[in-house]
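Down below is the structure, laid out as structure tokens.
The values are calculated or read from the model by the stated rules, or taken from the named source; none is laboratory data. Remember, predicted model here, so these are calculated numbers, not experimental data. Quick reminder, even Gly has a Cβ in these numbers, built from the backbone with ideal geometry, and neighbours come from all protein chains shown. Surface accessibility is based on the protein's heavy atoms, side chains included, excluding ligands, DNA and RNA. Shrake-Rupley method; radii C 1.70, N 1.55, O 1.52, S 1.80 Å.
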Amino acid sequence: MSNLHVMEIKTTRKEQFIDITAGINSLIRKAGVSDGLCNIYVPHTTAAVTINEGADPSVVDDVLMQLNTLVPENNAYTHAEGNSAAHIKSILVGASKMVPVAEGSLQLGTWQKIFFCEFDGPRHRKVFVKLLMG
Ligand code: ZN
């Protein structure tokens with residue numbers, strides 16, 4: 001039996017960080033995994049996944065603002081689809097994270113949350129969650 005889980009996410013803005021921590025913890029509980037590793041993988045080229053502070057929403061706002069300073073929307077890009085900035089931000093933030101699981105939940109730090117990062121929305125997106133037991 002496959003234990004690859006697919007989370008469906010509908011983003012509502014062009015750029016958006018969405019806290020998916022509770023959804024992943026719920027998958028872990030339903031799968032009955034008490035100890036192991038959780039791999040979170042984003043199968044998209046203009047989105048990403050990251051882990052950072054979730055208590056103060058201005059942190060992810062600042063991250064997004066600075067990413068937009070580092071990667072300007074308009075530049076001498078050649079990609080005809082016109083979304084090269086989103087592709088570059090996806091590369092910088094990354095497509096996957098691995099988090100330890102113990103006692104049936106993600107072992108995140110006090111302030112850490114897992115964020116799905118949209119850089120070219122709004123779109124219908126997927127996140128793959130693979131649970132490795134042991
Ligand atoms: Zn493109």
Q. Which ones in the range 54-79 are part of a loop (DSSP other than H, G, I, E, B) and either aliphatic (A, V, I, L, M) or under 14 Å from Glu118 (Cβ atoms) (or both)?
A. Ala55, Val71, Ala76
Q. Quick one: Ile91 ticks every box in (1) farther than 20 Å from Val127 by Cα; (2) under 13 Å from the mean Cα position of the chain (by Cα) bar one, so which box is it?
A. (1)
Q: Filter the range 85-119 down to residues that are touching an Asp or Glu at 6+ places or on another chain (Cβ under 8 Å) and part of a loop (DSSP other than H, G, I, E, B) and give me whichever is surrounded by the most Cβ atoms within 10 Å (Cβ to Cβ).
A: Phe119
Q. Is there a residue in the range 111-122 that is closer than 16 Å to Phe17 by Cβ, more than 16 Å from the ligand (Cβ to nearest atom), among the aromatic types (Phe, Trp, Tyr) and under 15 Å from the mean Cα position of the chain (by Cα)?
A. yes
Q.
Residues that are of a type in the set (Asp, Glu) and out of contact with any His (no Cβ under 9 Å at 6 or more places or on another chain): does the range 9-17 have at least one?
A. yes
Q.
So in the range 85-107, with the set limited to residues that are more than 15 Å from the ligand (Cβ to nearest atom) and among the charged types (D, E, K, R), which one is nearest to Ala48 (Cα to Cα)?
A. Lys97
Q | Top-ranked residue in the range 1-50 [being assigned to a strand (DSSP E or B) and β-branched (Val, Ile, Thr); ranked as most open to solvent (accessible area, probe 1.4 Å)] | A | Val6
Q | Condition broken by Gly82, with the remaining ones in (1) crowded, with 17+ Cβ neighbours inside 10 Å; (2) within 16 Å of the ligand (Cβ to nearest atom); (3) in a loop (DSSP other than H, G, I, E, B) satisfied | A | (1)
